[in-house]
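The block underneath contains the structure these notes are about, expressed in C-alpha coordinates.
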Amino acid sequence: SKKNILNETLIIITADHGFEAGFPNRKVGTGSASFYDEFIHIPLILYNPQISPILINSLCSSIDIAPTILSLVGINPPDSFKGYPVFSEDVKEREYVISEHTHRGPCDLQRKPLYISIRTKEYKLIWKEYIYNKDISNQQFELYDLIQDPFEKNNVYSDSRYSTVQEWLMNKVKERYKILKGSTNIEI
(Lines give C-alpha, C1' and ligand atoms only; values in the text may rest on other atoms or scores of the structure.)
Protein backbone atom coordinates (compact mmCIF):
# COMPACT_ATOMS: atom_id res chain seq x y z
CA SER A 1 0.00 0.00 0.00
CA LYS A 2 1.00 3.65 -0.30
CA LYS A 3 1.63 3.98 3.42
CA ASN A 4 3.61 0.70 3.63
CA ILE A 5 1.58 -0.23 6.69
CA LEU A 6 2.50 -3.94 6.63
CA ASN A 7 6.14 -3.15 7.50
CA GLU A 8 4.93 -1.48 10.70
CA THR A 9 2.35 -4.14 11.61
CA LEU A 10 2.71 -7.35 13.60
CA ILE A 11 0.09 -9.87 12.54
CA ILE A 12 -0.76 -12.37 15.30
CA ILE A 13 -2.71 -15.60 14.91
CA THR A 14 -3.45 -17.57 18.09
CA ALA A 15 -6.29 -19.17 20.02
CA ASP A 16 -7.33 -19.61 23.64
CA HIS A 17 -7.64 -23.40 23.29
CA GLY A 18 -7.72 -26.19 20.75
CA PHE A 19 -10.57 -28.57 20.13
CA GLU A 20 -10.92 -32.11 21.40
CA ALA A 21 -11.30 -34.70 18.72
CA GLY A 22 -14.33 -36.31 20.35
CA PHE A 23 -15.64 -39.65 19.15
CA PRO A 24 -13.95 -42.05 18.31
CA ASN A 25 -10.74 -40.67 19.86
CA ARG A 26 -12.16 -39.27 23.10
CA LYS A 27 -15.43 -39.27 24.92
CA VAL A 28 -17.69 -36.62 23.43
CA GLY A 29 -18.29 -33.75 25.80
CA THR A 30 -15.28 -34.23 28.08
CA GLY A 31 -15.46 -30.46 28.21
CA SER A 32 -13.32 -27.45 28.85
CA ALA A 33 -11.42 -28.96 31.77
CA SER A 34 -9.54 -31.32 29.49
CA PHE A 35 -5.77 -31.19 29.24
CA TYR A 36 -5.13 -33.48 26.29
CA ASP A 37 -2.75 -31.96 23.75
CA GLU A 38 -5.44 -31.44 21.11
CA PHE A 39 -7.14 -29.07 23.56
CA ILE A 40 -4.16 -27.24 25.07
CA HIS A 41 -1.91 -27.09 22.00
CA ILE A 42 -2.65 -23.77 20.32
CA PRO A 43 -1.14 -21.96 17.33
CA LEU A 44 1.02 -18.88 17.73
CA ILE A 45 1.92 -17.39 14.39
CA LEU A 46 3.56 -13.97 14.29
CA TYR A 47 4.19 -12.23 10.99
CA ASN A 48 6.01 -9.10 9.93
CA PRO A 49 8.18 -8.88 6.79
CA GLN A 50 11.17 -7.97 8.98
CA ILE A 51 10.94 -11.11 11.17
CA SER A 52 12.86 -14.16 10.01
CA PRO A 53 10.90 -17.42 10.11
CA ILE A 54 11.63 -19.62 13.13
CA LEU A 55 9.99 -22.75 14.48
CA ILE A 56 9.94 -23.01 18.28
CA ASN A 57 10.08 -26.55 19.70
CA SER A 58 10.37 -25.53 23.35
CA LEU A 59 7.68 -25.95 25.99
CA CYS A 60 5.61 -22.79 25.73
CA SER A 61 2.56 -21.54 27.57
CA SER A 62 -0.18 -19.01 26.92
CA ILE A 63 1.51 -16.78 29.48
CA ASP A 64 4.37 -16.43 26.97
CA ILE A 65 2.24 -14.75 24.29
CA ALA A 66 2.18 -11.20 25.71
CA PRO A 67 5.94 -11.11 26.54
CA THR A 68 6.68 -12.41 23.04
CA ILE A 69 4.61 -9.70 21.37
CA LEU A 70 6.06 -6.93 23.54
CA SER A 71 9.61 -8.10 22.87
CA LEU A 72 9.04 -8.17 19.12
CA VAL A 73 7.80 -4.58 19.12
CA GLY A 74 10.73 -3.40 21.25
CA ILE A 75 9.03 -3.12 24.64
CA ASN A 76 10.47 -4.87 27.68
CA PRO A 77 7.79 -6.99 29.35
CA PRO A 78 7.01 -5.84 32.91
CA ASP A 79 8.48 -7.85 35.79
CA SER A 80 4.93 -8.78 36.83
CA PHE A 81 4.61 -11.02 33.74
CA LYS A 82 5.20 -14.69 34.55
CA GLY A 83 5.91 -15.78 30.97
CA TYR A 84 8.86 -15.23 28.65
CA PRO A 85 9.32 -14.50 24.95
CA VAL A 86 9.08 -17.85 23.15
CA PHE A 87 12.51 -17.37 21.57
CA SER A 88 14.26 -16.68 24.91
CA GLU A 89 16.70 -18.93 26.75
CA ASP A 90 14.24 -19.05 29.68
CA VAL A 91 11.73 -20.89 27.48
CA LYS A 92 14.37 -23.15 25.92
CA GLU A 93 15.46 -24.28 29.40
CA ARG A 94 11.92 -24.77 30.76
CA GLU A 95 11.36 -28.24 32.26
CA TYR A 96 7.56 -28.19 32.26
CA VAL A 97 4.44 -26.12 31.69
CA ILE A 98 1.33 -25.99 33.82
CA SER A 99 -2.29 -25.85 32.73
CA GLU A 100 -5.04 -25.30 35.25
CA HIS A 101 -8.77 -24.88 35.31
CA THR A 102 -11.60 -24.39 37.80
CA HIS A 103 -14.25 -25.44 35.30
CA ARG A 104 -17.08 -23.19 34.15
CA GLY A 105 -18.29 -20.02 35.77
CA PRO A 106 -16.46 -17.63 38.07
CA CYS A 107 -13.03 -18.59 39.32
CA ASP A 108 -13.57 -19.52 42.97
CA LEU A 109 -10.50 -21.39 44.13
CA GLN A 110 -11.88 -22.12 47.59
CA ARG A 111 -15.24 -23.59 46.57
CA LYS A 112 -14.64 -25.05 43.13
CA PRO A 113 -12.55 -28.06 42.16
CA LEU A 114 -9.13 -27.38 40.74
CA TYR A 115 -7.78 -29.29 37.76
CA ILE A 116 -4.03 -29.17 37.11
CA SER A 117 -1.87 -30.59 34.34
CA ILE A 118 1.93 -30.68 34.33
CA ARG A 119 3.51 -31.35 30.92
CA THR A 120 7.14 -32.03 30.12
CA LYS A 121 8.42 -32.97 26.67
CA GLU A 122 8.18 -36.64 27.66
CA TYR A 123 5.28 -36.90 30.13
CA LYS A 124 1.98 -35.38 31.14
CA LEU A 125 0.24 -35.70 34.49
CA ILE A 126 -3.41 -34.68 34.82
CA TRP A 127 -4.90 -34.30 38.29
CA LYS A 128 -8.51 -33.39 38.99
CA GLU A 129 -9.67 -32.45 42.47
CA TYR A 130 -13.14 -33.33 43.66
CA ILE A 131 -13.76 -30.76 46.34
CA TYR A 132 -17.10 -32.09 47.63
CA ASN A 133 -15.81 -35.57 48.34
CA LYS A 134 -12.23 -35.71 49.55
CA ASP A 135 -12.16 -39.51 49.34
CA ILE A 136 -8.98 -40.28 47.40
CA SER A 137 -10.82 -42.87 45.31
CA ASN A 138 -12.75 -39.97 43.78
CA GLN A 139 -9.64 -38.08 42.66
CA GLN A 140 -8.78 -38.54 39.02
CA PHE A 141 -5.18 -39.22 38.01
CA GLU A 142 -3.80 -39.60 34.52
CA LEU A 143 -0.18 -40.00 33.45
CA TYR A 144 0.90 -40.30 29.84
CA ASP A 145 4.24 -41.24 28.33
CA LEU A 146 4.17 -38.82 25.40
CA ILE A 147 7.08 -40.50 23.61
CA GLN A 148 5.46 -43.96 23.62
CA ASP A 149 1.87 -42.66 23.50
CA PRO A 150 1.70 -39.25 21.75
CA PHE A 151 -2.10 -39.43 21.42
CA GLU A 152 -2.55 -39.90 25.20
CA LYS A 153 -4.57 -43.11 25.00
CA ASN A 154 -2.81 -45.27 27.63
CA ASN A 155 -3.00 -43.93 31.19
CA VAL A 156 0.13 -45.30 32.93
CA TYR A 157 -0.54 -43.70 36.32
CA SER A 158 -0.76 -47.08 38.05
CA ASP A 159 2.25 -48.54 36.22
CA SER A 160 5.12 -48.93 38.71
CA ARG A 161 7.68 -48.34 35.93
CA TYR A 162 6.64 -44.68 36.02
CA SER A 163 6.71 -44.21 39.81
CA THR A 164 9.73 -41.85 39.81
CA VAL A 165 8.34 -39.50 37.18
CA GLN A 166 4.88 -39.77 38.75
CA GLU A 167 6.26 -38.67 42.14
CA TRP A 168 8.20 -35.76 40.59
CA LEU A 169 5.14 -34.52 38.68
CA MET A 170 2.81 -34.96 41.67
CA ASN A 171 5.19 -32.80 43.72
CA LYS A 172 4.83 -30.09 41.05
CA VAL A 173 1.03 -30.41 41.33
CA LYS A 174 1.27 -30.02 45.11
CA GLU A 175 3.49 -26.92 44.74
CA ARG A 176 1.03 -25.32 42.33
CA TYR A 177 -1.94 -26.27 44.52
CA LYS A 178 -0.28 -24.56 47.48
CA ILE A 179 0.23 -21.38 45.46
CA LEU A 180 -3.36 -21.32 44.19
CA LYS A 181 -5.20 -22.44 47.32
CA GLY A 182 -2.76 -21.13 49.94
CA SER A 183 -2.64 -24.55 51.53
CA THR A 184 -0.81 -27.85 51.36
CA ASN A 185 -4.02 -29.61 52.37
CA ILE A 186 -4.14 -31.65 49.20
CA GLU A 187 -5.24 -35.24 49.43
CA ILE A 188 -3.33 -37.20 46.83
query = Using a 1.4 Å probe, how large is the accessible area of H101, given in Å² and rounded to the nearest 10?
reply = 40
query = Using θ = phi - 60° and the Karplus form 6.51 cos²θ - 1.76 cosθ + 1.60, what ³J(HN,Hα) does each residue of region 150-162 get, whole Hz, x for Gly and Pro?
reply = x, 9, 6, 9, 10, 6, 9, 4, 8, 7, 4, 5, 10
Of K153/K181; K124/K174; K82/K172, those spanning more than 19 Å from alpha-carbon to alpha-carbon = K153/K181
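Can you tell me how much longer the chain between S80 and F141 gets when fully stretched, taken as 0.36 nm per residue apart minus their C-alpha distance, in nm with one decimal?
Working: separation 61, 0.36 × 61 = 21.96 nm, distance 3.21 nm.
Net length gain for the segment: 18.8 nm.
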query = How do F151, F35, F81 stack up against each other in accessible area, from largest to smallest, with a 1.4 angstrom probe?
reply = F151, F81, F35
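Taking 22 Å as R0, compute the FRET efficiency from the Cβ-Cβ separation of L44 and E95 and round it to 0.05. Present the calculation step by step, with values, prior to reporting the outcome.
Values: r = 20 Å, r/R0 = 0.92.
The calculated FRET efficiency here is 0.60.
The values are calculated or read from the model by the stated rules, or taken from the named source; none is laboratory data. Treat the numbers as computed from the prediction; the structure is a model and nothing was measured. Note that each Cβ is placed from the backbone with ideal geometry, even for glycine, and that neighbours are counted across all protein chains shown. All accessible areas refer to the heavy atoms of the entire protein, side chains included, with ligands and DNA or RNA removed. Shrake-Rupley method; radii C 1.70, N 1.55, O 1.52, S 1.80 Å.
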